[in-house]
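The values are calculated or read from the model by the stated rules, or taken from the named source; none is laboratory data. Here the structure is a predicted model, which is why all the values come from computation and not from measurement. Ideal geometry is used to build each Cβ from the backbone, glycine not excepted, and the neighbour counts take in all protein chains shown. For accessibility, only protein heavy atoms count, side chains too; no ligands or nucleic acids. Shrake-Rupley method; radii C 1.70, N 1.55, O 1.52, S 1.80 Å.
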Amino acid sequence: MPADGRLLEAVNLKVSEATLTGESVPVEKINGELRLTGSGSADIPIAERRNMVYLGTAIVAGRGTMVVTETGMNTELGKIAEMLQTVKRERTPLQKRLERLARELAAAVLVIVAIVFGLGVLRGEDYRLMFLIAVSMAVAAVPEGLAAVVTIALTLGTRRMLARNALIRRLNAVETLGSVTVICSDKTGTLTQNRMTVTMLDVGGDRLDLSVIPATSCPVFSGKSGDAFRLLVAGGALCNDAFLEPEGSAGECGMRKAEGGGLKKVVGDPTEGALVLLAEELGLSQAELRRLLPRVGEVPFSSERKRMSTVHEISGESKNNNELLLISSLKRTQSFRNWDGVPAEAKRFVFTKGAVDVLLELASSAWVENRPEPLSQDLRQRIIEAHNNLTTKGMRVLGIAFRPLNLQEGEQFGEEQERELIFVGMCGMIDPARPEVKEAVRICREAGIRPVMVTGDHLLTARFVAQDLGILEPTGGSCITGADVARLSVKELEPIAEQTSVYARVAPEHKLAIIQALQNRGQVVAMTGDGVNDAPALKKADIGVAMGITGTDVAKEASDMVLLDDNFATIVAAVREGRAIYDNIRKFIRYTFASNAGEIWTMLIAPFLGMPFPLMPLQILWVNLVTDGLPGLALGVEPPERDVMRRPPRLPNESIFAHGMAFNIIWSGLLMAAVSVAMGYWAWRRGDAGWRTMVFTTLTMTQLCQSLALRSQTDSVFTLGIGTNRALLGTFFLTLVMQLMVIYLPFLQRVFHTTALSLADLAISLILSTTVFWAVELEKFIRRWQQRRKGKR
């Protein structure tokens with residue numbers, strides 16, 4: 001469509017409005033007036049404005065005449081483009097935390113430099129030496145490896161996510177996924193399979209739920225209602241304009257493995273395609289049915305009639321038992337009652353498919369068990385109640401009816417023959433939920449993440465799918481429509497958004513209001529979408545997730561992440577990776593800050609004991625180089641911990657040092673310094689010329705041993721396995737070799753002012769350097785004991 005317009009004429013006109021509403025099923029248009037339920041046409045969702053057409057949508061069937069009402073930026077698509085230009089992208093939680101850390105660290109470094117330089121001057125040390133030591137301490141206090149670790153951790157995270165079908169477009173978005181507290185997901189194609197499927201058959205009150213028992217394995221055609229089910233399935237496949245094609249042809253609407261084993265896809269209307277696929281699965285191939293009962297007449301579907309009819313003549317030979325029994329059931333109908341002018345051995349039959357209420361008006365009988373019965377008031381009421389029960393579950397319901405027919409030579413079939421039908425039954429169909437999504441929703445709730453459905457579909461359908469997946473719990477959560485959202489300000493919406501689990505019939509501006517309300521409440525929001533209408537919301541959300549298969553280019557461009565399989569479960573897997581990345585960044589920060597704190601405490605404590613400064617400037621830089629570099633990078637590739645999805649999400653304003661990490665940095669840094677200074681003091685008082693080298697070696701190896709223990713926040717390194725992080729193990733031994741070279745190679749001794757240690761002194765240094773390792777292991781043991789104790793309570 002080139003512009004927005006009001007329809008003046010619409011003849012079987014169907015329009016695909018997926019770019020505006022996100023719903024893939026074409027909308028049938030009319031040229032009449034709509035009944036206004038609010039103050040004006042603006043209160044009617046775009047998806048229900050059936051007498052309007054819009055820029056960017058596509059005509060898929062029929063014809064019509066329109067008068068243009070809006071063009072350019074005044075169209076609905078133009079309004080979306082304007083919103084997209086005005087929406088600003090939010091900074092990620094990691095960016096905010098690291099900026100705060102940089103400010104705090106800058107202030108701390110200035111204080112440290114001033115203290116160290118002042119102490120040295122007061123003790124009468126050389127100004128130049130103290131200046132070098134102070135600068136070295138300043139360098140040591142700054143975790144220069146942090147930027148590299150964050151970048152590498154995020155980059156490796158994007159690679160792991162790509163293997164799970166999540167393509168990251170913005171690097172910082174990787175970590176933000178771990179902070180998500182609410183996932184607002186579209187329904188069609190993300191939570192569901194985006195393929196209409198028959199899930200319920202109902203004949204004479206006998207109901208068969210195909211969602212519980214797969215159609216291919218259930219005894220559909222056995223029992224007292226087997227004939228009725230067979231007529232229902234065959235009638236749906238015969239009174240049908242959709243058909244199956246082998247994979248590789250154009251015009252795909254759905255895809256499934258048919259009974260023949262090959263992958264086939266439906267060409268035609270998705271609703272009709274669901275009936276064809278069902279028949280194929282149950283051994284009533286549409287191609288064989290059309291050979292057995294070729295079409296010889298028809299009255300096509302129209303919105304006014306709400307039904308279609310086709311006439312079929314028995315002319316082929318049956319090839320299997322189902323076909324034989326079907327023909328037998330058709331021929332036996334004449335024996336139950338006489339139709340005027342129809343011979344005893346009827347050869348022609350009319351099948352009618354359409355709205356149940358319309359078919360009941362045209363029917364005089366209904367198939368009950370294995371024969372037609374007069375359509376009494378009681379039987380009619382039972383059928384209506386069964387129909388209402390299916391529609392309240394969000395299903396699209398079609399009825400099937402038939403009757404024998406006698407057409408004279410040259411006589412054309414028309415509406416006048418659509419009478420005295422035998423009502424067979426109903427097919428309830430829905431876009432079924434993806435099988436893996438229910439487990440993904442459970443994991444979300446266990447991880448403290450609230451899943452929310454935001455869809456353009458009907459409220460009944462959205463509620464049923466949400467209840468089926470566990471998004472809408474029986475004891476909590478509410479459902480509202482886009483019209484309800486439009487009547488509220490963002491401030492009024494905030495408390496409602498905290499409790500609402502399902503939003504139906506939403507427009508682009510409604511999605512923006514929902515996201516803003518949640519963000520105002522301190523939530524980190526992930527929003528999925530595929531259409532142009534979703535682009536502003538994707539840009540506004542903390543994490544915008546576009547669909548890779550059905551998504552438009554505009555949606556992908558506005559997003560932070562693209563799902564290559566359009567699957568909600570992929571988002572949950574990406575959240576797991578995001579949490580693991582943030583865990584690894586925190587491990588590195590704890591490791592490097594504790595190590596730097598150990599160096600600073602060592603330099604500050606020694607003078608108070610009457611000792612010279614225990615480390616020379618180059619030694620400080622060396623410790624900082626070898627411990628902050630490779631071991632820190634190796635911590636950044638640690639796999640996710642086992643309980644990563646059993647913790648609540650991090651608060652957006654939470655400090656990077658939260659959950660006791662600041663205390664852990666302080667005590668482990670003090671312990672490193674205490675061990676190093678105590679051993680250095682002992683060697684210095686003993687008059688050992690290599691006392692500085694012993695402090696230097698102990699401090700270096702203490703930090704390396706600490707890196708091994710920090711691989712997990714709760715699990716022992718012995719449980720994880722010493723060699724499971726080969727990168728860290730390799731850097732440990734590489735750094736050990738480099739440290740020994742600095743101690744024992746003469747030309748490096750002169751550069752770093754070291755002395756060759758005896759084997760006994762080296763052994764003492766290496767053994768004492770494991771102290772922090774065992775202390776961290778003890779800390780984790782206490783934490784596990786507290787968790788077990790809390791679990792028993």
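Observations
- Two-decimal Rg/Rh across the range 604-671, once Rg and the Kirkwood Rh are taken from alpha-carbon atoms: 1.11
- For the range 521-526, 3J(HN,Hα) per residue [Karplus equation, 6.51 cos²θ - 1.76 cosθ + 1.60, θ = phi - 60°, Hz, x = Gly/Pro]: 8, x, 8, 9, 10, 9
- Listed residues VAL296, MET679, LEU156: farthest to the positive end of the dipole of the chain (Cβ charges): MET679
- Isotropically averaged projected area of the range 625-733, using the convex hull of Cα atoms (one quarter of hull area), nm²: 8.5
- Folded to 0 to 90 degrees: helix 568-608 orientation relative to the chain principal axis, Cα: 10
- Bridgeable lysines around LYS587 (alpha carbons under 29 Å apart, same-chain partners fewer than 8 residues away excluded): LYS96, LYS780, LYS790, LYS792.
- Note on the chain: with neighbouring protein chains present and a 1.4 Å probe, carbon and sulfur make up 58 percent of its accessible heavy-atom surface.
- A simple charge model with +1 on the Cβ of Lys and Arg, -1 on the Cβ of Asp and Glu and nothing else charged puts the dipole of the range 285-324 at about 180 debye relative to its Cα centre.
- Amide proton proximity set for ALA363, modelled H, under 5 Å, gap of 5+: LEU421
- Helix 321-336 vs. the chain, principal-axis angle (Cα, 0 to 90°, nearest 10): 40
- Across all C-alpha atoms in the range 113-184, the radius of gyration and Dmax reach 21.8, 65 Å.
- Checking the Cα-Cα distances for LYS29/LYS265; LYS331/LYS353; LYS29/LYS88 against a 31 Å cut-off, the pairs over it are LYS29/LYS88.
- Projected onto its three principal axes, the C-alpha set of the chain covers 125, 57, 49 Å, listed from the longest axis down.
- The chain, helix-only ellipticity at 222 nm - DSSP H runs n ≥ 4, -39,500 (n - 2.57), divided by all residues, nearest 500: -15000 deg cm²/dmol
- Chain lengthening between GLU99 and GLU82 when straightened (0.36 nm per residue, less Cα-Cα): 3.0 nm
- In this structure the amide hydrogen of GLU373, modeled in the peptide plane, comes within under 5 Å of the amide hydrogens of ALA366, TRP367, VAL368, none closer than 5 places in sequence on its chain.
- Amide H partners (placed H, <5 Å) of GLY62, local residues excluded: LYS14
- TYR744 sits among other residues whose Cβ lies under 13 Å from its own Cβ, and their net charge, with Lys and Arg +1 and Asp and Glu -1, is 0.
- Over all directions, the projected convex hull of the C-alpha atoms in the range 696-793 averages 7.0 nm² in area.
- Percentage of interatomic Cα-Cα distances in the range 569-631 larger than 17 Å: 56
- Accessible solvent surface per residue of the range 493-563, calculated while the other protein chains remain in place, 1.4 angstrom probe, Å²: 25
- For the pair GLU492 and GLN787, label points projected 7 Å from Cα toward Cβ lie 4.6 nm apart.
- Dipole size of the chain about its Cα centre, with +1 on Lys/Arg Cβ and -1 on Asp/Glu Cβ: approximately 3020 debye, rounded to the nearest 20.
- More than 18 angstrom apart: percent of Cα pairs within the range 453-508: 27
- Each residue of the range 455-589 gets 127 Å³ once the volume of the Cα convex hull is shared out per residue.
- Segment TYR744-ARG6, length gained on full extension (0.36 nm per residue, minus Cα span): 256.8 nm
- Inter-label distance, nm, simple model (7 Å from Cα along the C-beta direction), LYS319/ASP565: 3.5
- Against the main long axis of the alpha-carbon atoms of the chain, helix 226-238 sits at an angle near 80°.
- In sequence order, calculated HN-Hα J values of the range 101-118 (Karplus, 6.51, -1.76, 1.60; Hz; x Gly/Pro): 4, 4, 5, 5, 5, 4, 5, 5, 4, 4, 5, 4, 4, 5, 5, 5, 5, x
- Near LYS224, once Lys and Arg are set to +1 and Asp and Glu to -1 for all other residues with Cβ below 11 Å from its Cβ, the sum equals -2.
- Rolling a 1.4 angstrom probe over the protein heavy atoms with all chains in place gives the range 399-474 an accessible area of 39 Å² per residue.
- In plain terms, the chain from LEU460 to SER222 could stretch by 82.4 nm, reckoned as 0.36 nm per residue minus the Cα-Cα distance.
- Residue by residue, the range 686-697 carries 3J(HN,Hα) couplings of 7, x, 6, 5, x, 4, 5, 5, 5, 5, 4, 5 Hz when phi is fed to the Karplus relation 6.51 cos²θ - 1.76 cosθ + 1.60 (θ = phi - 60°); x denotes Gly or Pro.
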